[in-house]
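Notes follow once the structure below has been shown.
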Amino acid sequence: MAQRRRLRPSRMSILRCLLTCALVTVTTVALLSGHVLPSSKAPSSSGINKLSKRWNAPTEELRWTQELSPPQLSKFIDYSRSRKLDGSDWATSAEFEKLWKAPLSRGFVPCVAPGSSYLPPGESRGYLLVHANGGLNQMKAGISDMVVVARLLNATLVIPKLDKNSFWQDTSKFADVFDEEHFLASLVNDIKIVKKLPLEFAKAKRAVKYFTSWSSVDYYQREIFHLWNNYQVIRAAKSDARLANNNLPPEIQKLRCRAFYEALRFAPPIEALGKLLVDRMKSFGPYIALHLRYEKDMLAFSGCTYGLSEMESDELTAIRENITYWKVKEIDPLEQRARGYCPLTPKEVGVFLSSLGYPSNTPIYIAAGEIYGGQTRMADLESRYPILMSKEKLASEEELRPFSKYASQMAALDYIVSVESNVFIPSYSGNMARAVEGHRRFLGHRKTIIPDRKALVHLFDKVDHGQLREGPKLSDRITEIHRRRQGSPRKRKGAVPGTRGRERFRSEEVFYENPLPDCLCQSSSSDL
């Protein structure tokens, strides 16, 4: 009995030891699980190997697809966790939905499949060479138009050459930006496409043409088609705005949409990183993609110098004067701004978002290049909205390295994150803003708030002059102005009344900005 009593303390000690170890283990696991950074699912190793083989790149270069998240994100984690936008901490669900819910699509869905009378491509008359000019979205729209031109001319389209002489001096080739194989496969029933001009035609007599802007089908069939009688190769010196926006045959308009929204998919590495950036943004909750077009080239081109120093204004003027293909040199910056022709400044964007009711913990993705004036010019916006993210903040240096020297590839990443955002807001109606707005309309009329810059400037000037204060009155006025500017279905706008000639076509709403009615059909009987 004495021996049994001596054994009990020993057993109790062992039991206490086991319990202590278990508690330590549970605590450690809990602490570790509480400090995992936002992340997306990484592709499987087999998927990475396939992608590596396809792009002739070693698997080592694609390690970024397996990373959880970059270290620079850590400073945003605690803030976003404590104030994450999920609707649970809002006064009413109606208030949450007012800011984030997409407008009613009214049953509109994409309808771009060719009709029963649509024929496969006929016998090729010759080869169409294309120089796609401008930035990413200008080139994308131009290439889509050239797909249609090739169809109209019975031409074989040679994979277009991308602009290397633009402001950004980007050396990217077509396959660096777009999925070349997907492009070829998607349009096989529409036109004939080759990757390179056959060697036997390298020295063939060719016609170099600047196709007339905003042209109809008749222009290509009557004035261009006969060139095949004397030439085997036609080179389109420019690709942008070569087709009218309206009044083209339905099958032609549908082909434009198939090319723009389906065939011109970005290259697999761009798509992969773009989706990773989207996942990381969504880990913060619903987010706004802000296309902040406050970059040096935009300000120099538009002549918008409001709020800039004299030295900065002189620098922008010098850039505009030295770029020969920018035709307008003398610009009145005050008149530009008063007419709503200038991008909103970062400070003005902050006032705009606050007035619409978006709280300070709203995650915002800045889709832009380098902001003119840098961090100093972003300070006011950041003081209102601390969770300001960008591809440089969301991705590590290693993840961005393959794309960082190429403006078009970096713009493609912004495009992907903008299209997939809960809300898209452009500070200026340039090519990127129009393309993203149109794509979001095509995908179901996702919420897109288009600032009325002319009306906003008038209100902002009143605030600056002390005639109006930030608060409920300003908020009500801005909210009411933009109540019907949030991406709901509407037909594409025609020419501005009173305009004539080419100016009439120029004033029409860009086709790729709003593909309704040509490429969207109502699945219900409700009227637009």
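The values are calculated or read from the model by the stated rules, or taken from the named source; none is laboratory data. All values reported here derive from a predicted model rather than from experimental measurement. Neighbour counts run over all protein chains shown; Cβ positions are idealised from the backbone, glycine included. Just the protein is used for accessible areas: all its heavy atoms, side chains included, with ligands, DNA and RNA removed. Shrake-Rupley method; radii C 1.70, N 1.55, O 1.52, S 1.80 Å.
Being at positive phi and open to solvent by 30 Å² or more (accessible area, probe 1.4 Å) narrows it down to one residue among Gly285, Gly307; which is it?
When all the criteria are applied, what remains is Gly307.
What number of residues within region 415-443 are assigned to a loop (DSSP other than H, G, I, E, B), open to solvent by 10 Å² or more (accessible area, probe 1.4 Å) and over 22 Å from Arg280 (Cβ atoms)?
Residues flagged as assigned to a loop (DSSP other than H, G, I, E, B), open to solvent by 10 Å² or more (accessible area, probe 1.4 Å) and over 22 Å from Arg280 (Cβ atoms) within region 415-443 amount to 3.
Looking at the structure I just gave you, is Ala412 closer than 24 Å to Arg339 by Cβ and part of a helix (DSSP H, G or I)?
No, not satisfied.
I'm told Glu509 meets every condition in (1) open to solvent by less than 60 Å² (accessible area, probe 1.4 Å); (2) among the charged types (D, E, K, R); (3) in a helix (DSSP H, G or I) except one. Can you identify the failing condition by its number?
Answer for Glu509: the failing condition is (3).
Among the residues of region 444-472, what is the count of those that are in a loop (DSSP other than H, G, I, E, B), touching a residue at least 40 places away in the same chain (Cβ under 8 Å) and within 22 Å of Gly487 (Cβ to Cβ)?
Total satisfying the criteria: 7.
From the list Tyr341, Tyr325, which one is open to solvent by 60 Å² or more (accessible area, probe 1.4 Å), within 26 Å of the chain's Cα centre (by Cα) and farther than 28 Å from Arg384 by Cβ?
After applying the criteria, what remains is Tyr325.
Applying the selection to region 167-197, what residues are β-branched (Val, Ile, Thr), open to solvent by 50 Å² or more (accessible area, probe 1.4 Å) and either in contact with a Phe, Trp or Tyr (Cβ under 7 Å, 6 or more places away or on another chain) or farther than 20 Å from Arg256 by Cβ (or both)?
Of everything in region 167-197, just one residue is β-branched (Val, Ile, Thr), open to solvent by 50 Å² or more (accessible area, probe 1.4 Å) and either in contact with a Phe, Trp or Tyr (Cβ under 7 Å, 6 or more places away or on another chain) or farther than 20 Å from Arg256 by Cβ (or both), namely Thr171.
Which residue pairs have Cβ atoms under 7 Å apart, sit 6 or more places apart or on different chains, and have a first residue in region 149-178 that is assigned by the TED database to the domain that holds Ile252 and a second that is part of a loop (DSSP other than H, G, I, E, B) and of a type in the set (Val, Ile, Thr)?
Ala150/Ile191; Arg151/Ile191; Leu157/Ile191; Lys164/Thr171; Phe174/Ile159
Across region 290-326, what is the total count of residues that are outside any helix (DSSP H, G or I) and touching a residue at least 60 places away in the same chain (Cβ under 8 Å)?
Qualifying residue count, region 290-326: 8.
Mind checking which residues of region 473-506 are of a type in the set (Val, Ile, Thr), open to solvent by 40 Å² or more (accessible area, probe 1.4 Å) and outside any helix (DSSP H, G or I)?
Listed by number, the list holds a single entry, Val496.
Can you name the number of the only condition in (1) modelled with pLDDT of 95 or more; (2) within 23 Å of Glu503 (Cβ to Cβ); (3) open to solvent by 30 Å² or more (accessible area, probe 1.4 Å) that Lys238 fails?
Single failed check for Lys238: (1).
Being in contact with a strand residue (DSSP E or B) (Cβ under 8 Å, 6 or more places away or on another chain), outside any helix (DSSP H, G or I), open to solvent by 10 Å² or more (accessible area, probe 1.4 Å) and not assigned by the TED database to the domain that holds Gly134 is the requirement here; does Gly369 meet it?
yes
Taking helices (runs of 4 or more DSSP H) that do not extend beyond region 168-266, which have at least 1 residues that are more than 23 Å from Cys111 (Cα to Cα)?
174-177, 180-186
Conditions (1) modelled with pLDDT of 95 or more; (2) closer than 22 Å to Cys111 by Cα; (3) not small (Gly, Ala, Ser), marked per residue:
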| position | (1), (2), (3) |
| --- | --- |
| Asp414 | yes, no, yes |
| Ser429 | no, no, no |
| Val436 | yes, yes, yes |
| Arg446 | yes, yes, yes |
| Leu459 | yes, no, yes |
| Phe505 | no, no, yes |
| Val510 | yes, yes, yes |
| Glu513 | yes, yes, yes |
| Asp527 | no, yes, yes |
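Name the pairs: first residue in region 335-356 and without any contact (Cβ under 8 Å) to a residue 24 or more places away in the chain, second residue acidic (Asp, Glu), Cβ to Cβ under 9 Å, at least 6 apart or on different chains?
Hits for this filter: zero, empty list.
One line per residue, one yes/no per condition, for (1) of a type in the set (Lys, Arg); (2) in contact with a helix residue (DSSP H, G or I) (Cβ under 7 Å, 6 or more places away or on another chain):
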{"position": "Glu348", "(1), (2)": "no, yes"}
{"position": "Glu370", "(1), (2)": "no, no"}
{"position": "Lys391", "(1), (2)": "yes, yes"}
{"position": "Pro402", "(1), (2)": "no, yes"}
{"position": "Gln409", "(1), (2)": "no, yes"}
{"position": "Val417", "(1), (2)": "no, yes"}
{"position": "Ser421", "(1), (2)": "no, no"}
{"position": "Pro426", "(1), (2)": "no, yes"}
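Can you find, within region 198-209, the residue that is surrounded by the most Cβ atoms within 10 Å (Cβ to Cβ) among those that are of a type in the set (A, V, I, L, M) and out of contact with any strand residue (DSSP E or B) (no Cβ under 7 Å at 6 or more places or on another chain)?
Per the criteria, the residue is Ala202.
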